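The values are calculated or read from the model by the stated rules, or taken from the named source; none is laboratory data. From a predicted model like this one, the values you see are computed outputs, not experimental measurements. For neighbour counting, all protein chains shown are included, and Cβ atoms are generated from backbone atoms with ideal geometry for every residue, glycine included.
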Amino acid sequence: MKMFFYLENQYYICNNYLISSMDVDQVQLINDLKANINLLVARLEKEKAENTRLRRTNMELQKDMDMLDSKIKDIEQNYANLKIAKSFVAESGNVHEAKIRVNRIVREIDKCIALLNR
């Protein structure tokens, strides 16, 4: 970007264009405006870089969250399996409850088989 320059014969050059009859205050305002625009462009670039960094961090955190969700599902499945195993080792007072659980498991297995046969 070129700045405005004062020439001795009352003409100014702005980006290779010749401009006449501008006073020094107007030239200073234009130069200040250009400086502010350059500052804003620099801030924009800084914010773009920050945005990119935050997007990368977000993607990493999303991967971590997906991994933890998977671990939670595994733990929940292990817990369900433990409950099933406990139902097979029922005490004499819980025999009826154990039979109900086994029947429920058999129904779930039947549903899964029916879905696989589709």
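Note on segment 25-41: residues that are touching a residue at least 24 places away in the same chain (Cβ under 8 Å) and under 30 Å from the mean Cα position of the chain (by Cα) amount to 1.
Taking residue 66, is it acidic (Asp, Glu), modelled with pLDDT under 90 and in a helix (DSSP H, G or I)? Judged against the criteria, residue 66 is not a match.
Restricting attention to segment 26-54, the residues that are acidic (Asp, Glu) and in contact with a strand residue (DSSP E or B) (Cβ under 9 Å, 6 or more places away or on another chain) add up to 0. When residue 72 is tested against the conditions (1) in contact with a Phe, Trp or Tyr (Cβ under 9 Å, 6 or more places away or on another chain); (2) under 30 Å from residue 100 (Cβ atoms); (3) β-branched (Val, Ile, Thr), the lone failure is (1).
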